[in-house]
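Worksheet for the structure shown next.
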Amino acid sequence: MDISKHIPRRVFLAAFGLSLAGAAAAQTRPADAPASAPSAPQVQCDAQGCRNGQGALFRISAHGEGQSVASGDDALALQTNRRVETVAAQTYQGTSQVLAEGQASISGHFTVDLPQGGTLWATEDPALGQPILNVQAGSLVPFEDGRITQPVRFHAYSNYAAFYDQLQVMIYRGDDTDRVTPLATVTLPVGAVTDARWDGALPAGLRLQAGDVLQYVAHARAPDGSFDETHPRRIQLVTPGDYARGAQVLRDEVQRSHADTLDAATAESAQIIESIYGKSDLRLRNIPVYGSRVRILGRDIPEGMQVVIDGQGFPIDQERKFVAEFLQPVGPHRYRVQVKSAQGLIADTPLDVDVSGRYAFVTALADLTLSRNRASGGLDALAGDIRQDDGFLREGRLAFYAKGKWKGRYLLTAQADTWENELDRLFDGFLDARPTDIFRRLDPDLYYPVYGDDSRTWRDVDTQGKLYLRLDWDQNQALWGNYATGFTGTEYAQYNRALYGAALNWRSNAATALGDPRSLLKVFGAEARTALGHTEFLGTGGSLYYLRHT
């Protein structure tokens, strides 16, 4: 498949130079490679592109150098002819190739350049991310003569639809706080962005009136029987007149941010989709999720275009960008990406992502300082300096940060930092907490909170000591570092403190009929570094008071 892209010539030539260098490097085979290794198709590159025995890999064509793009000699034609249009066409082969050692192959389609501008591409984020499920409908429905007079449309957004096979909305009376008897059940298609209509049919003999409230929750159920549930939401029954007035107010609010004219139903759907997209409303989580997060991103999407992935449309923001997120298990995945306009289909191509479930990142630091001190004369002023020594002074620091993932399920985060100290004392108190660590994090002279106009800092580890370890799998966690005990489920025996030490939070995958885990274990151990203190102050009228313990 050929994909055309219009870019400035000077930018493209730089990219083409890198491509030539990469192609030349890819053809290099180590001298000790086995002579019997199958030879890969030879890649040949010139000013017109790159090709191998199977055909063109990369072609270049330029327009505007030898011929005019626009005719005439007016200002507009001259301005148009000042530009050189370079068209790059790429072909991605999806077939397997046997390669010699030292060569790499790219298979499958992973990026799309739209002919009218804009780019779509797919990436794998090894950080799995949090499962997201959100199902909403309009907050008002018209009610007259004991029945709902207009269908109710439920919209759903989810990023982990690959892990469940059923999605339902259960509707209850507003005063059914335990949600025991559903009045109706609506089945939604399983997917990232879906919707379904409820005709408003209620059980016979049910007496409701305008002003009453219904509530609903969404259930996602996996093949093994586990299920997730969203927070309850409300629908108020109102008279048709009140509903029409509310719909008009909502339409006017939504219309301000849309160029096209919208009717009341379309405006309500647009408002709901914008409110649920990318936001989780999960109350219970039991479905095991593993693998990686796949993102399909787009930018510079032309006006009037709609992006459809596997038959489901995704909203595009006002900056003409969009992102679709999918949590996927380990293995190959193909997405059919379509870009449509009012005139018809603009692009239709697959994007391939092979979720490996493996990830490793390590960075380390080693610092060593050797010095010799020599002093003479009166040394009384240096009597309290423990580093005063006429011999060698050996100081250093060791630090590392690592993050790794395997089998798409287990995520390990580790950090160790000995801080700067003498070498023979480098590991002293390695497992002890350092209460002053909070000031180290907040010192603006050492750690600037912002680097640039659009950046942020984020600390992946939370520890007051030199060591931090965290292992996450399913909904379980084992760690050494800072943690909160989290015993808040009882009324008279709550114990919620921030400690430094070891902690284990484990829950069984099996759940009760209400969605609570059948087994739950919390174990922690820490050395107490604070004590209860009591200080009394006399009412002397002073404005400064000092505690007895610093």
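The values are calculated or read from the model by the stated rules, or taken from the named source; none is laboratory data. What you are looking at is a predicted structure, and each value in this text was computed from that prediction instead of being measured. Cβ coordinates were reconstructed from backbone atoms using ideal geometry, including for glycine residues, and neighbour counts include every protein chain displayed. Side chains are part of the model used for accessible areas, which takes the heavy atoms of the whole protein and leaves out ligands, DNA and RNA. Shrake-Rupley method; radii C 1.70, N 1.55, O 1.52, S 1.80 Å.
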Residues (charged (D, E, K, R) and open to solvent by 50 Å² or more (accessible area, probe 1.4 Å)) located in the stretch 110-140: E124
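Listed here are the residues, each with its yes/no results for (1) at pLDDT below 85; (2) in contact with an Asp or Glu (Cβ under 9 Å, 6 or more places away or on another chain); (3) within 25 Å of V141 (Cβ to Cβ); (4) of a type outside the set (K, R).
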residue: A264; (1), (2), (3), (4): yes, no, yes, yes
residue: R295; (1), (2), (3), (4): no, yes, no, no
residue: G298; (1), (2), (3), (4): no, no, no, yes
residue: V307; (1), (2), (3), (4): no, no, no, yes
residue: D310; (1), (2), (3), (4): no, no, no, yes
residue: G331; (1), (2), (3), (4): no, yes, no, yes
residue: Y335; (1), (2), (3), (4): no, yes, no, yes
Residues of the stretch 502-550 that turn out to be surrounded by fewer than 10 Cβ atoms within 10 Å (Cβ to Cβ) and touching a residue at least 60 places away in the same chain (Cβ under 8 Å), as a count: 0
The one condition in (1) under 19 Å from F400 (Cβ atoms); (2) at pLDDT below 85; (3) surrounded by 17 or more Cβ atoms within 10 Å (Cβ to Cβ) that G481 fails to fulfil: (2)
Search result, residues across the stretch 270-285 that are in a helix (DSSP H, G or I) and surrounded by fewer than 17 Cβ atoms within 10 Å (Cβ to Cβ): E274, S275
Failed item in (1) at pLDDT 75 or above; (2) assigned to a helix (DSSP H, G or I); (3) of a type outside the set (D, E, K, R), with L431 passing the rest: (2)
Filter result (farther than 30 Å from T418 by Cβ, of a type outside the set (S, T, Y) and assigned to a loop (DSSP other than H, G, I, E, B)) within the stretch 349-366: G357
Residue selected from the stretch 484-498 under the condition small (G, A, S) and in a loop (DSSP other than H, G, I, E, B), by the criterion farthest from F400 (Cα to Cα): A493
Whichever residue in the stretch 196-212 is in a strand (DSSP E or B) and of a type outside the set (G, A, S) and, among such residues, is surrounded by the most Cβ atoms within 10 Å (Cβ to Cβ): W198
Those residues of the stretch 330-348 which are open to solvent by 30 Å² or more (accessible area, probe 1.4 Å), assigned to a strand (DSSP E or B) and under 22 Å from A161 (Cα atoms), in sequence order: P332, H333, R334, R336
Scope the stretch 467-478; condition open to solvent by 50 Å² or more (accessible area, probe 1.4 Å) and either at pLDDT below 90 or of a type in the set (D, E, K, R) (or both); matching residues: Q475
Flag for L327 being in a strand (DSSP E or B) and open to solvent by 30 Å² or more (accessible area, probe 1.4 Å): no
Criterion violated by R397 - all others in (1) open to solvent by 50 Å² or more (accessible area, probe 1.4 Å); (2) outside any strand (DSSP E or B); (3) under 18 Å from G465 (Cα atoms) satisfied: (2)
Residue among G542, G525, G501 that alone is part of a loop (DSSP other than H, G, I, E, B) and either at pLDDT 85 or above or among the small types (G, A, S) (or both): G542
Near pairs, Cβ below 7 angstrom, 6+ apart or cross-chain, from the stretch 410-432 (farther than 30 Å from L128 by Cβ) to any residue that is open to solvent by 40 Å² or more (accessible area, probe 1.4 Å) and not in a helix (DSSP H, G or I): T418/R397; T418/L398; T418/F427; W419/R397; E420/R397; E422/R394; L423/R394; L426/L398
Per-region count, the stretch 237-263, residues open to solvent by 80 Å² or more (accessible area, probe 1.4 Å) and within 30 Å of L282 (Cα to Cα): 2
Hey, L262 in contact with a helix residue (DSSP H, G or I) (Cβ under 8 Å, 6 or more places away or on another chain) and part of a loop (DSSP other than H, G, I, E, B) or not: yes
Residue match in the stretch 210-218 (condition: under 24 Å from the mean Cα position of the chain (by Cα), among the small types (G, A, S) and under 30 Å from S356 (Cα atoms)): no
